[in-house]
Amino acid sequence: MPLLPPIRLTGARVLRDGALRDEPFTLAGGLIDDTPAPEIDLPGYLILPGIIDLHGDGFERHLSPRPTAPFDKTRALRSVAAELAANGVTTAWMAQSWSWEGGFRGAEATEALLEALDRAKGGLLPDLRIQIRLETHVLDEHPRVLAALVRHNVDYVVFNNHLPEALEMVRDRPQRFAQWAAQQGRSAHELLSVIETAAQQEPFVPEALADLAAGLAARGVAMGSHDDADARTRGFFRGIGAPICEFPTTAAAARAAHAAGEPVLMGAPNVVRGGSQTGNIAAEDLVAEGLVDALMSDYYYPALAQAAVALDQRGTLPLARAWDLIAAAPARIMGLTDRGRLDPGMRADLAILHAETHTIEATIAGGRLAHAQGEAARRLMGSAVTLAAQ
C-alpha cells in the first residue's frame with residue numbers, strides 16, 4: 001500500500017496535548033505535519049493516535065483455529081494484521097509463549113513464528129512484533145532463547161510461571177487436565193511427566209533467570225513479568241531487571257509495582273466485561289485507583305478501543321485520558337518516541353472513530369491506509385484517488 005498523498009484532515013475533533021481539540025492537521029510523507037495540503041473534511045469523527053497493543057494472543061486463532069489444525073503462518077499473519085487494523089491498532093506485540101508445554105507454545109513453534117514474521121513483515125501495515133512469554137522453568141533452553149531473540153531482533157520478553165496452575169489442575173480438575181493433554185496429542189500421564197520434570201528445576205530458577213535477564217538487558221530487550229500474585233513476586237522480577245508488571249492478579253502486586261514506579265498493565269477485555277473472566281481483580285477498579293498505566297488486548301483485539309470508550313461512558317476516565325492507556329502510555333513504556341501522539345514529526349499512525357457509533361472507520365499506519373469502511377472510507381479513498389490523479 002503506497003503512502004497517502006499529503007492531506008489535511010479538517011472538521012474532526014483531534015486528540016492532542018491531552019484533550020480533544022477542533023483543529024486540523026496534515027499527513028505528509030508518512031508523518032504528522034502542520035503545513036497546508038488538500039483538505040478532507042471529517043465532521044462527526046474523532047481522530048485519535050493509533051493504538052499500541054503491548055500484549056495480545058488473539059493471533060493464535062489465525063495460526064491454529066483449533067489446537068490440531070494449524071494454517072500457513074504467512075497467510076495467518078496477514079489476517080492478524082487486517083484484524084488489528086480494523087480495530088485501530090497500528091503497533092502490536094503478539095504474545096507468543098515459549099513453554100515446557102511444547103506444541104504451538106514450544107521452542108520450535110516460536111522460532112517458526114519469528115521466521116514467518118521476518119518474511120511477512122515488509123508487507124504488513126501495522127507494525128507487528130513478537131513478545132516472548134517465557135516460562136520460568138525452561139532453563140535448559142535459555143541459550144536457544146537468547147540466540148533466537150538476537151537472530152530475530154525481539155525487543156520484549158515477559159516471564160511467567162504456569163506450573164502452579166498446572167499442578168492445581170492435576171490435583172483438583174483431573175478431567176480438565178486430561179482434556180488439556182489430549183489437545184496437545186498427549187496422554188495425561190505424559191503431560192504430568194513434562195510438568196514434573198519442569199518443576200524439578202525450581203531450586204535453580206532464580207539464578208538462571210537473573211543470568212538470562214542480564215543478557216537480555218545488555219541487548220536492550222524490555223522485560224517484565226506476567227500474573228504477579230504478590231509484592232514478593234514483583235520484587236523478585238524487579239531485582240533481575242524486569243520492571244513491567246502485566247496482568248497482576250492481586251491489588252497488592254499492582255500497588256507494589258506502582259509504588260516502585262513500575263508500569264502496571266491490565267487487560268482491556270477485563271474492563272469491557274466488568275471483571276476478570278478468571279476471577280482475578282477487576283481492571284477498572286485499579287484504573288479508578290490510578291494504578292493502571294496501560295491496557296492490552298489480551299485475548300480480544302476489539303476490546304482496546306471498546307475499553308477506552310467504556311471508561312469514558314462509565315465516568316471512570318474522560319476519553320482523552322482513557323485513550324492514553326492504549327496509545328501514549330504504551331509508547332512511553334516501550335520507549336517508542338516516534339508514535340503514540342499526534343504531534344508534528346511523529347509517525348502518521350491514527351484511528352478515525354465515528355463519534356456516535358464509536359466504530360473505527362479508518363486506520364492509517366505509517367501514513368498508509370490500513371483499514372477503511374463506511375463514510376470515512378468514501379471520503380478518504382475518494383480524495384486519495386482524486387489527488388493521485390492530479
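Remarks
- Among the residues of segment 183-212, the one identified as within 17 Å of ASN160 (Cα to Cα), of a type in the set (A, V, I, L, M) and without any contact (Cβ under 8 Å) to a residue 40 or more places away in the chain is ALA210.
- Among the conditions (1) without any contact (Cβ under 8 Å) to a residue 60 or more places away in the chain; (2) exposed (fewer than 15 other Cβ atoms within 10 Å of the Cβ), the only one that TRP180 does not satisfy is (2).
- Checking each residue in segment 263-279 for being within 19 Å of ASP53 (Cα to Cα) and either outside any helix (DSSP H, G or I) or of a type in the set (Phe, Trp, Tyr) (or both) picks out PRO263, VAL264, LEU265, MET266, GLY267, SER276.
- Summed over segment 64-80, residues that are under 20 Å from the mean Cα position of the chain (by Cα) and modelled with pLDDT under 90 total 2.
- The helices (runs of 4 or more DSSP H) falling completely within segment 280-390 that include 3 or more residues that are under 28 Å from GLU39 (Cβ atoms) map to 303-313, 319-324, 374-389.
- For ALA28: the one exception among (1) farther than 29 Å from LYS121 by Cα; (2) over 25 Å from the mean Cα position of the chain (by Cα): (1)
- Of the criteria (1) in contact with a helix residue (DSSP H, G or I) (Cβ under 7 Å, 6 or more places away or on another chain); (2) at pLDDT below 95, which one GLY106 fails: (1)
- Some residue of segment 211-221 being over 21 Å from LEU139 (Cβ atoms) and in the same structural domain as PHE59 (by TED's automatic domain parsing): yes
- Condition check for ASP172: among the acidic types (Asp, Glu) and surrounded by 14 or more Cβ atoms within 10 Å (Cβ to Cβ): no
- Count of residues meeting criterion [farther than 14 Å from ALA81 by Cβ, within 19 Å of the chain's Cα centre (by Cα) and without any contact (Cβ under 8 Å) to a residue 40 or more places away in the chain] in segment 112-133: 2
- Per-region count, segment 152-182, residues closer than 20 Å to GLU135 by Cβ and either β-branched (Val, Ile, Thr) or touching a helix residue (DSSP H, G or I) at 6+ places or on another chain (Cβ under 8 Å) (or both): 14
Condition check ((1) of a type in the set (D, E, K, R); (2) surrounded by 22 or more Cβ atoms within 10 Å (Cβ to Cβ); (3) at negative phi; (4) at pLDDT 95 or above) across all residues:
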{"site": "GLY274", "(1), (2), (3), (4)": "no, no, no, no"}
{"site": "GLN277", "(1), (2), (3), (4)": "no, no, yes, no"}
{"site": "LEU336", "(1), (2), (3), (4)": "no, no, yes, yes"}
{"site": "PRO344", "(1), (2), (3), (4)": "no, no, yes, yes"}
{"site": "ALA348", "(1), (2), (3), (4)": "no, yes, yes, yes"}
{"site": "HIS354", "(1), (2), (3), (4)": "no, no, yes, yes"}
{"site": "THR363", "(1), (2), (3), (4)": "no, yes, yes, yes"}
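- Summed over segment 50-102, residues that are within 24 Å of ASP349 (Cβ to Cβ) and out of contact with any Phe, Trp or Tyr (no Cβ under 7 Å at 6 or more places or on another chain) total 20.
- The strands (runs of 3 or more DSSP E) found entirely in segment 1-109 that carry 1 or more residues being in contact with a Ser or Thr (Cβ under 9 Å, 6 or more places away or on another chain), assigned by TED's automatic domain parsing to the domain that holds ILE195 and of a type in the set (S, T, N, Q) are 89-98.
The values are calculated or read from the model by the stated rules, or taken from the named source; none is laboratory data. This is a predicted model, so every value here is computed, not measured. Neighbour counts run over all protein chains shown; Cβ positions are idealised from the backbone, glycine included.
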